[in-house]
Amino acid sequence: MDILDLFKKGGPAMWPLLLLSVLSLSVIFERLWFWLRILSQEKQVVERVLDAATDSWEIATEIAQKATEQPIGRFLYAPLRLQKSDAETFKLALESTAAEEIAGMRRGEKLLESVIALSPLLGLLGTVLGLIQSLRAIRIGDLGTESTAGVTTGIGESLISTASGLIVAIFTLVFYRLFQSFAVNQVKVFNKAGNDLELLYRQSPPGSEKREFVFITESSVEEELTDPIENPVTSSESEQENES
């Protein structure tokens, strides 16, 4: 018995089950490709941005901007692109972007939930319809005779739709839980990366290098101003010694 025979014997409920399976597979393949790209590149993006932020915020902003095709890149770039921001604004930009990106990572989950819920019910409905059709042909006087053999076969075939619905639901449930675990792990990744970036921002906000440079130049200017004052004194003393 091949797949086409099973499909035909499954009854009319096999058609909506086929549609649900196609929808489920399309979402699963799209999400697999999505997560494959994210998990293979996000660690490198985070390390590059954080390493650059310890030296120059401008370089860190450029690296994050180039990685905006990744959710983690958009997350890190959101606070860095602000022209003027304090620590609270920096943190607010991280939190709002994280919520938006995590919501985007859960795209397609509602469809998978619907497939998981509907597939067993449609399979059960197909079985019930098959049983009704099989039992309708039974007469009370035919019980225990050879004429009821076909009814037994019909009951067995009507269970095909139930088995098909369970297969679709179980297959979809496996990937649904897998994608959920990926999303939960991304929450941890975003929290850690955001906390590290915020800590660097609080320790050395943009422009701190300039303030240090101004301080050094002011001290050097003071030293230069004190030199001309000391030089005339020393020179006058040396002249008096020469005259004496």
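The values are calculated or read from the model by the stated rules, or taken from the named source; none is laboratory data. Since this is a predicted model, take the numbers as computed values, not measurements. Glycine also receives a Cβ, built like all others from the backbone with ideal geometry; neighbour counts cover every protein chain displayed.
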Margin query: So if I check each of L76, L82, which one is out of contact with any Lys or Arg (no Cβ under 6 Å at 6 or more places or on another chain), of a type outside the set (S, T, N, Q) and not in a helix (DSSP H, G or I)?
Written below: L82
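Conditions (1) in the same structural domain as G126 (by TED's automatic domain parsing); (2) closer than 20 Å to N185 by Cα; (3) of a type in the set (K, R), marked per residue:
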residue: F7; (1), (2), (3): yes, no, no
residue: G11; (1), (2), (3): yes, no, no
residue: P16; (1), (2), (3): yes, no, no
residue: L23; (1), (2), (3): yes, no, no
residue: W35; (1), (2), (3): yes, yes, no
residue: L39; (1), (2), (3): yes, yes, no
residue: K43; (1), (2), (3): yes, yes, yes
Note to self: Checking N195 against (1) under 23 Å from K110 (Cβ atoms); (2) surrounded by fewer than 18 Cβ atoms within 10 Å (Cβ to Cβ), only one condition comes out false. Which one?
What the structure shows: (1)
Next item on the list: State the number of residues belonging to region 22-50 that are among the small types (G, A, S) and either outside any helix (DSSP H, G or I) or over 17 Å from K110 (Cβ atoms) (or both).
Entry: 1
Notebook entry, point to check: Would you call L19 assigned to a helix (DSSP H, G or I), of a type in the set (A, V, I, L, M, F, W, C) and surrounded by 15 or more Cβ atoms within 10 Å (Cβ to Cβ)?
Noted result: no
Next item on the list: For residues that are touching a residue at least 24 places away in the same chain (Cβ under 8 Å) and surrounded by 16 or more Cβ atoms within 10 Å (Cβ to Cβ), tally how many sit in region 51-66.
Entry: 2
Check: Of the residues in region 35-50, how many are in contact with a Phe, Trp or Tyr (Cβ under 9 Å, 6 or more places away or on another chain) and within 16 Å of L178 (Cβ to Cβ)?
Finding: 3
Notebook entry, point to check: Is there a residue being farther than 30 Å from A53 by Cβ, exposed (fewer than 12 other Cβ atoms within 10 Å of the Cβ), among the β-branched types (V, I, T) and modelled with pLDDT of 80 or more anywhere in region 139-152?
Noted result: no
Item checked: Pairs, first assigned by TED's automatic domain parsing to the domain that holds L197 and modelled with pLDDT under 90 in region 81-102, second surrounded by fewer than 14 Cβ atoms within 10 Å (Cβ to Cβ) and among the charged types (D, E, K, R), C-beta under 9 Å, six or more apart -> A87/R202
Notebook entry, point to check: Does region 157-173 contain at least one residue that is out of contact with any His (no Cβ under 9 Å at 6 or more places or on another chain), modelled with pLDDT of 90 or more and either more than 18 Å from L6 (Cβ to Cβ) or not assigned by TED's automatic domain parsing to the domain that holds K9 (or both)?
Noted result: yes
